[in-house]
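Q: Quick one: this structure, given as structure tokens, is what I'll be asking you about.
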Amino acid sequence: MPRLNRDTRHPVSFELDSQPVTGHAEPRMLLSDFLREELAINAVHVGCEHGVCGACTVRLDGKAVRACLTFAVQAEGRRVDTAAGLADENNELNDLQKAFRRHHALQCGYCTPGILMSVSDFLDRNSDPTEQEIRDMLSGHLCRCTGYTGMVRAILDVVAERARGGAAAE
């Protein structure tokens, strides 16, 4: 499909990882493409482009969504968070990212940003999930490297530490 000329592109502005951003998007441009192509954000990966693999998962107003199934114009005036925004202002990893590193919950890393965004949303909604609930949530993501065991351990570690009132142990 040929690209539309700039006259058919619309300005799109939203908050991205706590920073205001603006770009231009064709009406049917996907949020994943807008982030990568228009804003040069590489924290969002594109795998299947059909919403199956979960690599492109971001949080839109706090809710995990597939960026490859969301139009860029739908983000207008909203808040979009990527895995790059999980770290603090000093680029210190958050407890979930640290736990993934500690438990070797990633290998090639391609699926990791999307998984981290789904897990952060999941833990916001369910602070005390069972192992089966964690596995069910992770079933919405495809990872060819890890077998998910490290991810489950990392998430359980974060849940346990948060229940004790602290950050996950180093």
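Q: As a test of the formula, what do you get for the chain when each DSSP H run with n ≥ 4 contributes -39,500 (n - 2.57) and the sum is divided by the residue count, at 222 nm and rounded to the nearest 500 deg cm²/dmol? Don't skip to the answer; put the middle values down first.
A: Numbers: 4 runs with 45 residues, N = 170.
Using -39500 (n - 2.57) per qualifying helix, the result is -8000 deg cm²/dmol.
Q: Starting from the Cα of GLU92, step 7 Å along the direction of its Cβ; do the same at LEU39; then give the gap between the two resulting points in nm.
A: According to this spin-label approximation, the distance is 2.6 nm.
Q: How big is the stretch 6-85 in terms of Cα radius of gyration and Dmax, in angstroms?
A: Here Rg and the maximum Cα pair distance are 11.3, 34 Å.
Q: Then there is this: Net charge near ARG153: determine it from the other residues with C-beta under 10 Å of the C-beta of ARG153, scoring Lys and Arg +1 and Asp and Glu -1.
A: Here the charged neighbours net out to -1.
Q: Among VAL58, VAL21, which comes first, then next, by fewest other beta-carbon atoms within 10 Å? It would help to have the intermediate numbers written out before the result.
A: Numbers: VAL58 29, VAL21 17.
The fewest-first ordering by Cβ neighbours comes to VAL21, VAL58.
Q: Relative contact order of the stretch 88-170: what whole-number percent is it, with Cα pairs under 8 angstrom and at least 6 residues apart? Please report the intermediate quantities before stating the final value.
A: Details: 74 pairs, mean separation 37.5, N = 83.
Reported relative contact order: 45 percent.
Q: Further question: Among rounded, prolate and oblate, which fits the stretch 78-170 when a ≥ b ≥ c are the square roots of the eigenvalues of its C-alpha gyration tensor, a/c under 1.5 means rounded, and a/b larger than b/c means prolate?
A: Numbers: a/c = 1.25, a/b = 1.05, b/c = 1.18.
Rounded.
Q: For every other residue with a beta carbon closer than 10 angstrom to the beta carbon of PHE14, add +1 if it is Lys or Arg and -1 if Asp or Glu, then tell me the sum. Please report the intermediate quantities before stating the final value.
A: Numbers: positive: ARG78, ARG79; negative: GLU15, ASP61, GLU76.
Once all neighbours under 10 Å are counted, the net charge is -1.
Q: Let me ask something else. Are there trypsin sites (Lys or Arg not before Pro) in the stretch 110-170 that DSSP puts in a loop and that have at most 11 other Cβ atoms within 10 Å, and which ones?
A: Numbers: sites: ARG125, ARG135, ARG144, ARG153, ARG162, ARG164; in loops: ARG144, ARG164.
Qualifying residues, ordered by number: ARG144, ARG164.
Q: How do SER127, SER13 rank when sorted from fewest to most other Cβ atoms within 10 Å of their own Cβ? Walk me through the numbers on the way to the answer.
A: Numbers: SER127 10, SER13 13.
Listed from fewest to most nearby Cβ atoms, that is SER127, SER13.
Q: Let me have the relative contact order for the chain, percent, based on Cα pairs under 8 Å that are six or more residues apart.
A: Details: 296 pairs, mean separation 37.1, N = 170.
Once normalised by length, the contact order is 22 percent.
Q: When Lys and Arg each count +1 and Asp and Glu each count -1, what net charge do the other residues less than 10 Å away from ARG162, Cβ to Cβ, add up to? Can you show the working numbers first?
A: Details: positive: ARG164; negative: ASP95, ASP128, ASP157, GLU161.
Once all neighbours under 10 Å are counted, the net charge is -3.
Q: Still on this structure: How much length would be gained if the chain were fully extended between ASP61 and ALA163, taking 0.36 nm per residue of separation minus their Cα-Cα distance, in nm to one decimal? Walk me through the numbers before you get to the answer.
A: On the way: separation 102, 0.36 × 102 = 36.72 nm, distance 2.52 nm.
Here the segment from ASP61 to ALA163 would lengthen by 34.2 nm.
Q: While we're on this one: Nearest 0.05, what FRET efficiency do ALA84 and GLU49 give at R0 = 30 Å with Cβ-Cβ as r? Before the final figure, lay out each step's value.
A: Numbers: r = 21 Å, r/R0 = 0.70.
Approximately 0.90, to the nearest 0.05.
Q: Based on the Kirkwood radius over alpha-carbon pairs, what value in µm²/s does the Stokes-Einstein equation return for the translational diffusion coefficient of the chain at 25 °C and 0.890 mPa s?
A: On the way: Rh = 16.6 Å.
Taking Rh from Cα pairs, D becomes 148 µm²/s.
Q: So, one more: Distance in nm between label sites at THR8 and CYS145, each 7 Å beyond Cα in the beta-carbon direction?
A: 3.9
Just so you know, all these numbers are worked out from the coordinates, no wet-lab data involved. Worth saying up front: this structure is predicted, and the values here are computed from it rather than measured. Cβ: placed from backbone, ideal geometry, glycine included. Neighbour counts: every protein chain shown.
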